[in-house]
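Working notes, structure below.
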Amino acid sequence: MATQPQDLKSRFAALGAVVIIVLTVLLIRLWSMQVLSGDRYAALAKNNRIREISLDATRGRILDRKGRALVTNRATLAVSVDPANEKVRDLIIRAQSADTDDDPTRAELEEAFGALATMLHMTPQEVFAKVADSKVEALRPRVVAVDVPLDVVAQLAERSQDFPGVRIEETSVREYPYGSVGAHVLGYTGEISEAEFAASDPTSGYELGDIVGKAGAEAQFESVLQGDKGRRLIEVNASGKPQRIIDEQPPVTGRDVRLTIDIDVQKVAEEQLAAALTEAHRQNFNKAKAGAAVVLDVTTGEVVAMASAPSYDPQVFLGGISEAEWKKLTDKASEYPLNNRAIMGAYPPASTFKVVTGLAGLDAGITYSGKSYYCPGKWTEMGAQWPKWCWKHSGHGTISFEGGIEESCDTVFYEIGYQFYQREKEELQAYARKFGLGSATGIDLPGEVKGRVPDAAWKKKFNEKYPEWQTWLPGDTVNIAIGQGDLLVTPLQMASVYAGVANGGVVMRPHVLKDVLDSEGKVARSYTPQELSDVGASSDDLGIMRRALVRVTETGTGAGAFRGFGVSVAGKTGTAQVAGKDDYAWFCGFAPADKPRYAVAVVVEQGGHGGSVAGPAGRNILAKLLGEPIKEVHTTDVSR
C-alpha cells in the first residue's frame, strides 16, 4: 500500500526534531569546551606539544685542607640512545607493557643493538636494559656507556646511518687526581636508587636516573655538591618526536667542599698501613689483610688522615658498575673493601684501653702514682679455679702503676678492674663513656658504628634466652680493664680517647668538613669545632698518665718502634685476642708529648703484636706530621 503524504510529512517533522536536538547538544558541548573549559584544554594542548627536560648540574669539587683537588670533574664522551627513535620506541613499549608478555626476543635485540654492543664491549641485553630504563625521563637520551674511546666514537660518527638513534654526547664525570688515595673518606657516586628517591626531599629536585653521592663525603655533603638543575623546553610533534628547543635555563654548578684531610699525610697513612700488613706477613701472621689508621688534631677534632685497608678505586663506579665488579667488592673473600674500617670496624682495644682504666682508677682513688703491685705471671685473686695470666707468664715481679703502663702488665689492671667490680658501681664503664666510647662520635661521615661498653644490663639483655649466662661476674669487669671481653671500639673512637688525654681531658668531636666555598672560591661557611665530652680528669691524673705513656715509647713495649725518634711521643701498644683469629695489633698515641698536636690510632686485623706491627706504622705517620724522617722499622714485641 502506498505511503500517504500526511505520513511522510509527519516522519520528516520527527526526523527534523531529532536533528535539531542533536545539533543543540553538540553546540552546547562545544560552547562548554571552548568557554567553560577553554583554559584547561588549552593547557592540555600545550602539554601535548611541549616537553620539559631537566639539565644536570656539574657537581662541586672536593678539596683537601690546602685547597688541592681530591675529586673534580672532567669532560668525557658518552654514547647514548634516543628513546624517541621509532625502532627503539617500539621495543621499549613492548618491554614495559603490562598487558603482554611479548618481550623483545634475543634475535630482535641482537638486530637492534648487536653491533653497538660489540663496539662497547657489552651484550645487547645490557644495552637494552639501559635504554629501556623506565626511571629515566621519557625524552632524555639513555646513556649507555661513558669514557668511550676515541676510535669507537670515530667509527660511530662515520657509520651514523648504521646506528639510528645513537648519539655521541659530551658529559661530565668525576675524576680522582690521586687515584684511590682517600677513597673511604671521599666516597663515590652512582645512580639514585628508588629507595633514596622516595626518601628524598620533594623540593630537592631529584629525578630517577640522577647521579648522587653514595658513600663518604660524596654522600655526606650531597646537598652542597649537587648544584641546581637547569631545564630545557622542547616542542614535540604528535608522535612525541622533538622538533625544536623553545627555551633553556642553564644549571648552576654545585659548591666546592674543603675537607680537613691533608693529602700528603693521607698518602703516608695508607702507605704505612700497607707496610704494616707486609710486616705482619714477615712475622708469619699471614692472615693479616685489613686494618685502619686515623689521625686527629687534638684541639679541633679535625681528621687529618683516615685510612682503611683494603681499599678500592672509586673510578669503577663511573657510568655504572658492572655486576662482576660489584660482586668482587662485596665478596667476603675480598675483605669488604668498601667498608671504612676506621668508623665501621668494631674491635676489642686490648691494652690501648689501659689508659682509660688507669685514669678511672686514679680518679676513683683505687690507684695512685707509684703504687706498687706484684705480678707473679698468674693472677688468682678471684680464686685459684679462675686464674688469669699476664702476657708475661714469668711475671713482672714488683712493679709500679706507671710500670704497669710502660710494660703493659696485665696483673696491674686485673687488680684495678677487680676493685672496680667490688665497688659495685660500674664506675669503669661510666668513665669509658665519658670518653665517648659506646656511642657514635657523630663524625660527619655516613656509616659510623657506636661500638660497645658492656655492663650488667647489657649482658642480661644479650643473654635473655640463656638465664644461666645473664649474671655479671667479676671476670667481666676484669676483662674490660685490659680491653678485652665484650668491649668493642672503633679506631676513630680510640684516636679520640688519646686526643682527649692530650687535650686536658676534653674530647673534641671529630669531623672532616673544614669549609664550604662559594662560586668565587671564597669561604661561605666554616665548621665550628665542637666539644664532644669533658672527661673531668684532673691535671695531676693526666700528668701521671702522660708521663707513663712516654715511658712506653722510650723504654717500654713501644721503644723498638720509636728508637731514634726526635720528638717525644706518648703512646700505648696493644695486642687484642679475637676468638678464632690471630691477634689484632694496636698502637695509639699523641705527639709531641709535652705540647700535643696530633693523635693517631692504628689497628691491623690478625697482624700480631702491636709494638712490632702497628707501632712502626704509627711512628712513621707521626714522623710525616712532625717533620721527622720516615724509616723502615723492624722490631720485636711479645707483649699484649
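Looking at segment 76-164, what helices (runs of 4 or more DSSP H) fall wholly within it and have at least 2 residues that are modelled with pLDDT of 80 or more and over 24 Å from residue 191 (Cα atoms)? Give the derivation first.
Values: elements: 86-96, 106-119, 124-131, 150-158.
Those helices (runs of 4 or more DSSP H) span 106-119, 150-158.
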*Of the conditions (1) modelled with pLDDT of 95 or more; (2) not assigned by TED's automatic domain parsing to the domain that holds residue 408, residue 595 clears all except one; give me its number.*
(2)
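Give 248, 235, 196 a once-over and let me know the one that is crowded, with 17+ Cβ neighbours inside 10 Å, outside the structural domain of residue 448 (by TED's automatic domain parsing) and among the acidic types (Asp, Glu). If you could, list the steps in order and put the result at the bottom.
On the way: 248 fails: crowded, with 17+ Cβ neighbours inside 10 Å; 235 fails: crowded, with 17+ Cβ neighbours inside 10 Å.
Step by step, each of 248, 235, 196 is checked, and only 196 is crowded, with 17+ Cβ neighbours inside 10 Å, outside the structural domain of residue 448 (by TED's automatic domain parsing) and among the acidic types (Asp, Glu).
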*asked:* For residue 218, only one of the following conditions fails: (1) crowded, with 19+ Cβ neighbours inside 10 Å; (2) among the charged types (D, E, K, R); (3) modelled with pLDDT under 85. What is its number?
replied: (3)
_Cβ contacts < 6 Å: first residue under 15 Å from residue 113 (Cα atoms) and touching a residue at least 12 places away in the same chain (Cβ under 8 Å), restricted to segment 152-166; second residue surrounded by 12 or more Cβ atoms within 10 Å (Cβ to Cβ) and of a type in the set (D, E, K, R), any location; separation 6+ or different chain. Result?_
165/82
_Quick check on my filter: what residues within segment 316-371 are within 17 Å of residue 572 (Cβ to Cβ), assigned to a helix (DSSP H, G or I) and not aliphatic (A, V, I, L, M)?_
351, 352, 353, 354, 357, 358, 361
*Within segment 489-521, track down each residue that is in contact (Cβ under 8 Å) with a residue 60 or more places away in the chain, closer than 16 Å to residue 543 by Cα and out of contact with any strand residue (DSSP E or B) (no Cβ under 6 Å at 6 or more places or on another chain).*
497, 501, 503
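From 478, 453, 512, grab the single residue that is under 16 Å from residue 295 (Cβ atoms), crowded, with 20+ Cβ neighbours inside 10 Å and among the hydrophobic types (A, V, I, L, M, F, W, C). Walk me through it before giving the result.
Values: 478 fails: under 16 Å from residue 295 (Cβ atoms); 453 fails: under 16 Å from residue 295 (Cβ atoms).
The conditions single out 512.
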*asked:* Considering only segment 251-267, I want to know if a residue exists there that is among the charged types (D, E, K, R), assigned to a strand (DSSP E or B), surrounded by 22 or more Cβ atoms within 10 Å (Cβ to Cβ) and touching a strand residue (DSSP E or B) at 6+ places or on another chain (Cβ under 8 Å).
replied: yes
_Would you confirm, using the coordinates I've provided, whether residue 507 is touching a Gly at 6+ places or on another chain (Cβ under 6 Å) and in the same structural domain as residue 591 (by TED's automatic domain parsing)?_
yes
*Do you know which residues across segment 566-582 are part of a loop (DSSP other than H, G, I, E, B) and hydrophobic (A, V, I, L, M, F, W, C)?*
567, 569, 578, 579
*May I ask you to verify whether residue 470 is more than 28 Å from residue 639 (Cα to Cα) and either of a type in the set (Asp, Glu) or assigned by TED's automatic domain parsing to the domain that holds residue 429 (or both)?*
yes
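The values are calculated or read from the model by the stated rules, or taken from the named source; none is laboratory data. Remember, predicted model here, so these are calculated numbers, not experimental data. Here Cβ is always computed from backbone atoms with ideal geometry, including for glycine, and neighbour counts include all displayed protein chains.
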